[in-house]
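Novice: Following this message is one structure expressed as structure tokens.
The values are calculated or read from the model by the stated rules, or taken from the named source; none is laboratory data. Values in this document were obtained by computation on a predicted structure and should not be read as measured data. Here the Cβ positions follow ideal geometry from the backbone for every residue, glycine too, while neighbour counts run over all protein chains shown.
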Amino acid sequence: MISKLLKSHLRAIPNKMSWWLWVLLVPVALFGLVVLRGAPYVPTKRRLLDKAFTDLYQLNDKDTLVDIGSGDGVVLRAAARRGAKAVGYEINPILVLISRLSSRSSLISVRLMDFWYAELPLETTIIYTFGEARDIKRMYEKAELTAIAHNKVIYFMSFGFNVPGKKPFKYDGSFYLYKVKPLQRG
């Protein structure tokens, strides 16, 4: 009797372990795979954002901020607190869910979408990114294309990384702000 009970429990352990293993591996895999496509998830500190949106770019209710790789939505919420509309693009479904649950404001929109394939809103005034050295120049080029398509100046703010070959409009040690003008095509 005891032997049967013990065997039954021992057979159940792999099933229970495999369930828990999946619960742990799926999020790890999602975060790991996202790194192959973009920057890793690193939350931005609220006080640094407050300083950037006060000293470098005075974000207000006339702005629409686009956050590339919006993560948990901290940048989107900081923008909304200043009255700006905020649109986040994120490819990690777990972070999209967290962001949507914690960013309940009519000013905030979070999209489970790859930024590279997105057509940015016409109202876009500033693009924010915690890019990384590998992609920052390409992100800036997307901002240039958006400025041309929308025929207006768009600001590009990068946390931690400068755009190679471009001089920042403003800089504070952590954030680089660029003024992207709509150059002529051709």
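Novice: Given the conditions (1) over 30 Å from G165 (Cα atoms); (2) assigned to a helix (DSSP H, G or I), and given that R138 satisfies all but one, which numbered condition is not satisfied?
Specialist: (1)
Novice: Looking only at segment 74-133, filter to residues that are among the acidic types (D, E) and modelled with pLDDT under 95; which one of those is nearest to F161 (Cα to Cα)?
Specialist: First pass over segment 74-133, keeping only residues among the acidic types (D, E): 90, 114, 119, 123, 132.
Still in the list and also modelled with pLDDT under 95: 90, 114, 119, 132.
Working: E90: 19, D114: 20, E119: 24, E132: 6 Å.
Ranking the qualifying residues of segment 74-133, first place goes to E132.
Novice: Give the residue, chosen from L24, L48, that is at pLDDT below 55 and of a type in the set (A, V, I, L, M, F, W, C).
Specialist: Testing whether each residue is at pLDDT below 55 and of a type in the set (A, V, I, L, M, F, W, C) leaves just L24.
Novice: Just give me the residues in segment 62-72 being touching a helix residue (DSSP H, G or I) at 6+ places or on another chain (Cβ under 9 Å) and either part of a helix (DSSP H, G or I) or at pLDDT 95 or above (or both), in sequence order.
Specialist: D63, T64, L65, V66, D67
Novice: What pairs can you find where one residue is in segment 61-78 and without any contact (Cβ under 8 Å) to a residue 40 or more places away in the chain, the other is in a strand (DSSP E or B), and their Cβ atoms are less than 6 Å apart, with a gap of 6+ or different chains?
Specialist: L76/D67; L76/A86; L76/G88; L76/I108
Novice: Enumerate the pairs (first residue in segment 97-116 and within 19 Å of G131 (Cβ to Cβ) and assigned by TED's automatic domain parsing to the domain that holds L145; second residue anywhere and of a type in the set (D, E, K, R) and surrounded by 14 or more Cβ atoms within 10 Å (Cβ to Cβ)) with beta-carbon separation below 7 Å, excluding pairs fewer than 6 apart on the same chain, so at least 6 apart or on different chains.
Specialist: Filtered contacts from segment 97-116: S99/D72; S99/E90; V110/E90; V110/R100.
Novice: Going residue by residue through segment 45-56, is there one that turns out to be surrounded by 22 or more Cβ atoms within 10 Å (Cβ to Cβ), in contact with a Gly (Cβ under 6 Å, 6 or more places away or on another chain) and either over 12 Å from L107 (Cα atoms) or not assigned by TED's automatic domain parsing to the domain that holds I126 (or both)?
Specialist: Within segment 45-56 (the criterion being surrounded by 22 or more Cβ atoms within 10 Å (Cβ to Cβ), in contact with a Gly (Cβ under 6 Å, 6 or more places away or on another chain) and either over 12 Å from L107 (Cα atoms) or not assigned by TED's automatic domain parsing to the domain that holds I126 (or both)), the answer is no, since none of the residues qualifies.
Novice: Of these, Y178, Y155, Y117, Y140, which one is hydroxyl-bearing (S, T, Y), exposed (fewer than 14 other Cβ atoms within 10 Å of the Cβ) and either in contact with a helix residue (DSSP H, G or I) (Cβ under 9 Å, 6 or more places away or on another chain) or closer than 17 Å to I68 by Cβ (or both)?
Specialist: Result of the check over Y178, Y155, Y117, Y140: Y117.
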